[in-house]
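Following: one structure in C-alpha cells, then a few remarks.
The values are calculated or read from the model by the stated rules, or taken from the named source; none is laboratory data. Values in this document were obtained by computation on a predicted structure and should not be read as measured data. When we count neighbours, we look across all protein chains shown, and the Cβ atoms used for this are built from the backbone with ideal geometry, even at glycine. Keep in mind that these areas ignore ligands, DNA and RNA; they rest on the heavy atoms of the full protein, side chains included. Shrake-Rupley method; radii C 1.70, N 1.55, O 1.52, S 1.80 Å.
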Amino acid sequence: MRYRWVLWGALAAANAGAQSRYLGYTPASTVAERTVEQRMQRLVSARSLSRLHAPLAARPHPAGSAGSRQVITYLDSALRSFGLTVERHDYQVHLSAPRRVQVTLTGPATRELVLSEPPLAEDPTSSHPELGPGYIAYSASGDVRGEVVYANYGLPADYDTLRARGVDVTGRIMLVRYGRSHRAVKVHTAQGAGARAVVLYSDPADDGFVKGVAWPGGYWRGEEMLQRGNAKLSWYFHGDPLTPGVAARGDAPRLDPATAPTLPRIPVVAISWGEARHILSALGGVEAPALFAGRVPGVAYRLGPGPATVRVQVQMDDGLRPITNVVATLRGRTEPDRVVLLGGHHDAWTFGGVDPGTGSAALLELARVLGQMARGGWRPQRTIQVAFWDAEEFGLIGSTEHAEHFRDQLREQLITYVNTDMYMRGRFDAGGVPSLRDFVVDVARSVPARGGSVFSDWAAQAARARPGAIPELKALGSGADFVPFQDFLGVPTLSIEFIGANGYGFGTYHTNYDSRAYVEQVADPGFQQGVILVKTLGALALRMANAEVLPFRFGHYGEKLEAGMATLVDAMRGRSISDTAPTAELLRLASRVRTAGTALDQAMDRRLAQGGLRAARRRLVNDRLAKAEQTLIDASGENTWYQHVVQGWNIYSLYDGQLFPAAHKALRGTDVAAFMAETMRVRAALDRLARWLEETLAIVNGGA
Ligand SMILES: [Zn+2]
C-alpha cells in the first residue's frame, strides 16, 4: 500500500494536511464537524434507500399525470414523517402530451411503424396499463408526407455534407440519429433547413449492442427501445415556454404558444432502431459517407432522398397543467437565513427507476438522516433544504419556476445549490463553478468508497487524463436542474452524481424499461453506490452549512478564467477578429482574478489556522464569498434569461458547459457586432469579480 502514497506524492501530503483542518474550518471546529459528519455517515442505510426508492418507481409519473400527483403526495408525507418542514409550490405550465402519434412507411412498401415498447417478461412493470407510445414533447402537430433524407446526427455540419453531396432537404422528412447534441438542436437545424418533420432514432453504434449487452440483462439499449424527451429550444430560456423570466403563477402574463420562441414548428417523433431499420433499408440515393454510417444490422447507409417515403402524423394535446415542487427545510441554528439547497426532479417519462428515482431516493435518504439527527435537538448552523422539482423532463420547468418565483430571496440567501438528477454504479461525476472545486475535493477525501475514498476514485480518473492532476469540476452546461441556479440566478452551483459508461444516456434512458428491475440488476444492485452518494451529499451539505468561513476558493476560478480566455482568444484568431478585440486586456483581467483570488485564499487559510475570523466580520465576509459569483451575472445581454457571462451551455455538444458561451456563440455565427458587445460584458464582469475579491481581501486584512 505504501508505494501508492508515494505515487500520489503531493496529493497525498495535501490530503493528510487538509483533513486535519477542513476548508473553511479552524483546527478546533474541524474536530466538531468531523463528529457530526461521522454520525451522518453511520445513519445512511442501503436498506432504507431501497425502501424509499420503491414507491418512486412503481407507476409511470410524467409531469401533470395522476401518477405524478401520487409521487408528490408520497414525497410530502415521507419528508414530514422525517420531521422536516415541507412546502409545496404550485405552478400552471404549458405541458405537452400526445393524442395521436403515427409514423407510416408509405413507399416503396407500406408499413406502419411501432411506436410503443413491448412488455418484457424480465421487466415486470413494462406491461403497466398506463404506459403509452413514445413521443417527443412540444412536437408541433401535423400530418406530413415526404421523401426521407438520412442526416446522421442532424447537426449543421451534417447538413453541409448533405449539401456538398447534392442532397436537397427542402420539404423532406429527416431521419436523424440521437447523439452529440440535444434533440432540440437537431429539430431546430432541420426546421431551419426547410425540412417537414424529424424522425429521431437511437443507433446501436452510439447506444446499443455495439457497445455492450442490452437490457434485459445488460446496461445498453435494446432493439425495440426508443428515447422520449422534449424538443424545446431551451437556449432561448429554460422553464415554462410561456412565462420566460417570471413564475408561471395563475395570473402571470403568458406568451401565445403559436409564437413562443422555444416551441418547435415541425412534427418530431422518436423510434427504436428496430423500426428505423425499415426506413434505412428502403433508402436509396447517394451513398452515406463513412462518418454517417451507423451499425443497424443489414443496412448499407444511404442518404436518400427517397425512394423511401414516410407519413408522420402527430396530434398533440398541449395546454396549461398544474405542477408542484416539494421543498423540505431543516432550519439553521445561528444563520437560518443562509441556505444550502440540494435538489433533483421527481417527474419521469415512465417509471423513472434511474432517472430520477435513484437521485430522488438519495435525496430522500439524506432528508431522513438529517431529520433523525435533528430529533435529538441538533441543528446545522445554516439552513439545509432538500427540493424535488416537477417537470424537469419538459425542460427544467419546476426548478426554473422556483428560481424565477423566489429570485431575489434566493440571490440573498442561497449560498450553494447542489443538484443530483440520478446516479448509477460507476465513476464520480462532479460539475460546478470553479470556486467550489477545492471544497468538493476536501469533502470527497472524507467519504469512504471501495477501500479508498470518493476522492481517490476521482483522482485516479483525473490522473488517467493527466498524471498527477488534481481533479476539476466539469463546467455545467445543460441537461438538469442546475441550469436556472447557475445561469439565471448566479448562485454557486454543483452537480454531484455517479454515472456509468454512457453517462446520462444509459441504455433504458427515457424508455418503459427505466424501471425498478433495471436499478436492482444494473444501475445499483444492493443500493451500495447510493449509500456512497448520500454520504457525499450529506458531507457537502453539512460542511457548507457549518463552515466558519464559507469554503469558496477563487485562485482556481482565476486559473479556469485564464484558460477559458486563452481558448476564446484562440477562437478569435481563427475568425481573424482578434485585432479589433481587447485581447490583452481580457487576458490581463483573468490574471487579475487569479492573483486576487489566490491572495484571498491564502489570507483566509492564515486566519483559520490562527483561530478564525472575528465574529463581527464573519457574516460580511461570508456573504461576499457566496455572492462573488453574482458579479458575473449581467441581465443586459442579448439573452436576458442566460445572465451568466462566464458559465453556460455549448449547444453544439450534448450538455457540455463552455466558458464565455455568448462570446463563442457570436464567433460561431461570425457576428462581429454581437461579439464586440459581448466582449464588453465579459470585460465588465471580470473587472467586477476582480474588484470584489480585492475588496473582500481588504476587509479580511483590515482587522479580523
Ligand atoms: Zn433526470
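Take every DSSP beta bridge whose two residues both sit in the chain, then give the antiparallel share in percent to the nearest 5. Please list the in-between numbers first.
Working: 47 of 80 bridges.
Looking only at bridges with both residues in the chain, the antiparallel portion is about 60 percent.
Placing +1 at every Lys and Arg Cβ and -1 at every Asp and Glu Cβ, with all other atoms neutral, what dipole size does segment 425-475 have around its Cα centre, in debye to the nearest 20?
220 debye
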Report, in debye and to the nearest 20, how large the dipole of segment 490-595 comes out about its Cα centre when Lys and Arg carry +1 and Asp and Glu carry -1 on their Cβ. 300 debye
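Find how much the distance from Ala205 to Asp671 grows on full extension, using 0.36 nm per residue of separation minus their present alpha carbon separation; answer in nm with one decimal. Before the final figure, lay out the partial values.
Details: separation 466, 0.36 × 466 = 167.76 nm, distance 3.60 nm.
Separation in residues times 0.36 nm, less the Cα-Cα distance, equals 164.2 nm.
Listed highest first by mean packing, meaning other Cβ atoms within 10 Å per residue, what order do 407-416, 301-310 come in?
On the way: 407-416: 18.4, 301-310: 21.7.
With the highest mean Cβ count within 10 Å placed first, the list reads 301-310, 407-416.
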Given Cβ charges of +1 for Lys and Arg and -1 for Asp and Glu, the option among Leu550, Val340, Leu436 whose Cα lies farthest towards the positive end of the dipole of the chain is Leu550
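Around Ala584, under 15 Å between beta carbons, what's the net of Lys plus Arg minus Asp minus Glu among the other residues? Walk me through the intermediate numbers first.
Numbers: positive: Arg573, Arg588, Arg592, Arg683; negative: Glu562, Asp570, Asp579, Glu585, Asp687.
The answer is -1.
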Treating only Lys and Arg (+1) and Asp and Glu (-1) as charged, each at its beta carbon, one finds that the chain has a dipole about its Cα centre, in Debye to the nearest 20, of 1680 debye
Let me cross-check Asp656: its accessible surface, 1.4 Å probe, with only protein heavy atoms counted, in Å² to the nearest 10? 90 Å²
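Quick one: pull the percent of accessible area on segment 496-543 belonging to carbon and sulfur, 1.4 Å probe, ligands and nucleic acids left out.
51 percent
On average, how much accessible surface per residue is there in the chain, in Å², for a 1.4 Å probe, leaving out ligands, DNA and RNA?
Values: 24640 Å² over 704 residues.
Accessible surface, normalised per residue, equals 35 Å².
Across the chain, how large is the tail of the calculated P(r) beyond 33 Å, expressed as a percent of all Cα pairs?
The share of Cα pairs beyond 33 Å in the chain comes to 49 percent.
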Would you mind getting me the FRET efficiency between Met680 and Asp605? Use the beta-carbon distance for r and R0 = 35 Å, nearest 0.05. 0.50
Choose one of Tyr509, Ala463, Ser478: the residue whose Cα lies farthest towards the positive end of the charge dipole of segment 457-523 (beta-carbon charges +1 Lys, Arg; -1 Asp, Glu; about the Cα centre). Ala463
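For segment 15-137, what is the per residue volume of the convex hull drawn over the alpha-carbon atoms, in cubic angstrom?
Details: hull volume 32.8 nm³, N = 123.
Dividing the Cα hull volume of segment 15-137 by its residues yields 266 Å³.
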Given the candidates Gly194, Leu131, Ser181, the one whose Cα lies deepest towards the positive end of the charge dipole of segment 118-197, counting +1 at each Lys or Arg C-beta and -1 at each Asp or Glu C-beta, is Gly194
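Given axes a ≥ b ≥ c from the Cα gyration tensor, I'd like to know whether segment 293-395 is rounded (a/c under 1.5), prolate (a/b larger than b/c) or oblate.
On the way: a/c = 4.03, a/b = 2.69, b/c = 1.50.
Since a/c reaches 1.5 and a/b is larger than b/c, the shape of segment 293-395 is classed as prolate.
With Rg and the Kirkwood Rh both taken from Cα atoms, where does Rg over Rh land for segment 339-397?
On the way: Rg = 13.4 Å, Rh = 12.5 Å.
Across segment 339-397, the Cα-based Rg/Rh ratio is 1.07.
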Which of the three applies to segment 470-606, rounded, prolate or oblate, going by the alpha-carbon gyration tensor with a ≥ b ≥ c and a/c under 1.5 meaning rounded? oblate
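Ignoring any ligand, DNA or RNA, what whole percent of the accessible area of segment 571-704 comes from carbon and sulfur when the probe is 1.4 angstrom? Please report the intermediate quantities before stating the final value.
Working: 3020 of 5850 Å².
Whole-percent figure for carbon plus sulfur exposure: 52.
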Rounded to the nearest 10 Å², the accessible area of Arg668 at probe 1.4 Å: 90 Å²
Arg42 versus Arg295: modelled label distance in nm, points set 7 Å from Cα along the beta carbon direction: 4.9 nm
Given a 1.4 angstrom probe, I'd like the percentage of the accessible area of segment 11-119 that is carbon and sulfur, rounded to a whole number. 54 percent
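Shape call for segment 415-527 from the C-alpha gyration tensor, a ≥ b ≥ c root eigenvalues: rounded (a/c under 1.5), prolate (a/b greater than b/c) or oblate? Before the final figure, lay out each step's value.
On the way: a/c = 1.95, a/b = 1.18, b/c = 1.66.
Here segment 415-527 falls in the oblate category.
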With just the Cα atoms defining each centre, how far is segment 499-563 from segment 649-685? Give it in Å. 28 Å
Rounded to one decimal in nm, the spacing of the 7 Å Cα→Cβ label points at Ser77 and Arg618 is 4.2 nm
Principal axis extents for segment 569-704, Cα atoms only, whole Å, descending order, please. 53, 29, 26
Hey, which of these cross-link pairs are over 24 Å Cα-Cα: Lys535/Lys560; Lys474/Lys665; Lys232/Lys665; Lys560/Lys627; Lys474/Lys535; Lys474/Lys627? Lys535/Lys560
